[in-house]
Structures are given as structure tokens and as C-alpha cells.
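K.L.:
Just passing along the structure, written as C-alpha cells.
The values are calculated or read from the model by the stated rules, or taken from the named source; none is laboratory data. Not measured: the values here are computed from a predicted model. Don't worry about glycine lacking a Cβ; one is built from the backbone with ideal geometry, like all the others, and counts go over all protein chains shown.
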Amino acid sequence: MTAGSAPSNPAVLPPVIAIDGPSASGKGAVASRVAAALGFHYLDSGAIYRAAALAVARAALDPARSGQEALADLVGRMPLSFSAGRVILDAEDVTDSIRSEECGRQASLVAALPLVRLALLARQRAFRQPPGLVADGRDMASVVFPDARLKVFLTASAEVRAERRYKQLMDKGIHANIAQLLQDIRHRDERDSSRATAPLQKAAGAYELDTSSLTIDHAVAWVLERYERQQSS
């Protein structure tokens, strides 16, 4: 099966709600709550790429200089699992470690490599289990689950997203500079949108929702309403 191709016999596969969007658009919070409301499984694809970036860093490899084959081999074999909302890499709980700003920057570099993305494709698709899956990321609707029952693209202004990230970090007791966060978000948007493989973009047929002035509850209700419409149509 090639990247971006629809699985065979999609009608017999569990339904997928694919939620894409840029960093701090709210997709993770929305996706996890939608999954809980429906009793579906949840895939945080960003956690997989962040864990991959951490594995690459611990192996002393440079995403910008090391060969793609070596990086893809490493991330394809990394002992990664998820348990009760925690991310376990090589038997170590790295849930908090992968949420650092530096890990996020490195994940964006790793995610731009075609062979790395291909190496992680099957791992992401394996999350598709009954009764269904809600997946969030940047190419869930366009590449990983092109046959998703519902496709959503969440967005928000860079300024709002920087403020959200700033609050998240401060709540965790992590010092942050909002001007630097805004610059980082803009740079990451540009890098993610312009990469040659699986760029950040609104997939064909996806609904778009600007969450700049919305609460998480409102965004979740919006997604659930559209899924119910899809089910009844």
C-alpha cells in the first residue's frame, strides 16, 4: 500500500475522524475529547514524531545531516508504546520530555523526511481499531487516512496559538517568551506547509474551523455535530 492510497475494502474498516491543523490550533484537545465522547481510540500522531525526534537525538544523529535511510531505520525500530495516556520510549516514560519546545522543533525537521514518514506510516495506521479512531496531526486526512469518514482542518491565528502555547508552558512551570514562541510557530508553519512530502494543508473534502475565538467545548460540539450528519447521510 503506498502513502496516500486508500486501504482496500474501506467499507469494512472502522471509521476514522481525521483532524489536521498547525501547532496549537487545538486539534489535540479537540480530537481526544471527540474520541472520548464517541468511545473511539485516539491517535496523537505528533507524539509519534516527537518520540522519533527524541530517539534520533539520543542516537546522536542530526536530522539535517544524517542519511534518511539511517534515520528511517532507527525510528522504524524504536520501541515505542502508549499506555494510559503516557508515551513510553525504550521502557522510559517520555510523555513530558517530548513536549519541550526543542523536541517540537526537532520533530518538525524529522517529519520533513520522506523515508521517515514512510517508516512511521504503518505504525500510525495500526491505531485504526474497532469501534473507530480519531486521529490528529498534519496529514491524517491527506495521507494516513485518506478514506476518513470525516475530515476536519482546525486553524487559528499565529498570535492566538502563541498565547495558548505560552499558557500551557507557564501552567507547567516552564519559563517561556511569547515573542519567541510566536516566531517559532511562524517558522514551523512555513516549514510544515512547504515540505515536499505530506505538507500541512487542508485535505480535499475537509471542513475548516477557525478556533481563534472558540472554546474547546464549542469546537468539540462542532466536530461531533458534523460526524452525526455524516452518519445520517
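K.L.:
Test Asp62 against the stated conditions and say whether it is at pLDDT below 95 and either touching a strand residue (DSSP E or B) at 6+ places or on another chain (Cβ under 8 Å) or of a type in the set (Asp, Glu) (or both).
P.N.:
yes
K.L.:
Can you find a residue that is without any contact (Cβ under 8 Å) to a residue 24 or more places away in the chain and surrounded by 14 or more Cβ atoms within 10 Å (Cβ to Cβ) anywhere in region 66-85?
P.N.:
Looking only at region 66-85, we keep the residues that are without any contact (Cβ under 8 Å) to a residue 24 or more places away in the chain, and these are 66-67, 70, 74, 77, 79, 81, 83-85.
Filter again for surrounded by 14 or more Cβ atoms within 10 Å (Cβ to Cβ), leaving 66, 74.
Yes, region 66-85 contains a residue that is without any contact (Cβ under 8 Å) to a residue 24 or more places away in the chain and surrounded by 14 or more Cβ atoms within 10 Å (Cβ to Cβ).
K.L.:
From the list Ser157, Ser194, exactly one residue is loosely packed, with under 15 Cβ neighbours inside 10 Å and free of Cβ contacts under 8 Å to residues at least 24 places away in the same chain. Which is it?
P.N.:
Ser194
K.L.:
Ala112 is checked against (1) exposed (fewer than 14 other Cβ atoms within 10 Å of the Cβ); (2) under 27 Å from Gly26 (Cα atoms); (3) modelled with pLDDT under 90 and fails just one. What number does that condition carry?
P.N.:
Among (1) exposed (fewer than 14 other Cβ atoms within 10 Å of the Cβ); (2) under 27 Å from Gly26 (Cα atoms); (3) modelled with pLDDT under 90, Ala112 violates only (1).
K.L.:
Quick one: what pairs do we get from region 172-189, first residue closer than 13 Å to Ser100 by Cα and part of a loop (DSSP other than H, G, I, E, B), second small (Gly, Ala, Ser) and modelled with pLDDT of 85 or more, C-beta under 7 Å, 6+ apart or different chains?
P.N.:
none
K.L.:
Anything in region 197-213 that is hydrophobic (A, V, I, L, M, F, W, C), modelled with pLDDT of 95 or more and either in a loop (DSSP other than H, G, I, E, B) or exposed (fewer than 14 other Cβ atoms within 10 Å of the Cβ) (or both)? List them, or say none.
P.N.:
Within region 197-213, Ala206 is the sole residue that qualifies.
K.L.:
Name the single residue that is farthest from the chain's Cα centre (by Cα) among those in region 19-38 being among the small types (Gly, Ala, Ser) and either in a helix (DSSP H, G or I) or not assigned by TED's automatic domain parsing to the domain that holds Leu169 (or both). Reasoning before the result, please.
P.N.:
Taking region 19-38 and keeping what is among the small types (Gly, Ala, Ser), we get 21, 23-26, 28-29, 31-32, 35-37.
Still in the list and also either in a helix (DSSP H, G or I) or not assigned by TED's automatic domain parsing to the domain that holds Leu169 (or both): 28-29, 31-32, 35-37.
Values: Gly28: 7, Ala29: 11, Ala31: 10, Ser32: 12, Ala35: 14, Ala36: 17, Ala37: 19 Å.
Restricting to residues being among the small types (Gly, Ala, Ser) and either in a helix (DSSP H, G or I) or not assigned by TED's automatic domain parsing to the domain that holds Leu169 (or both), the top hit is Ala37.
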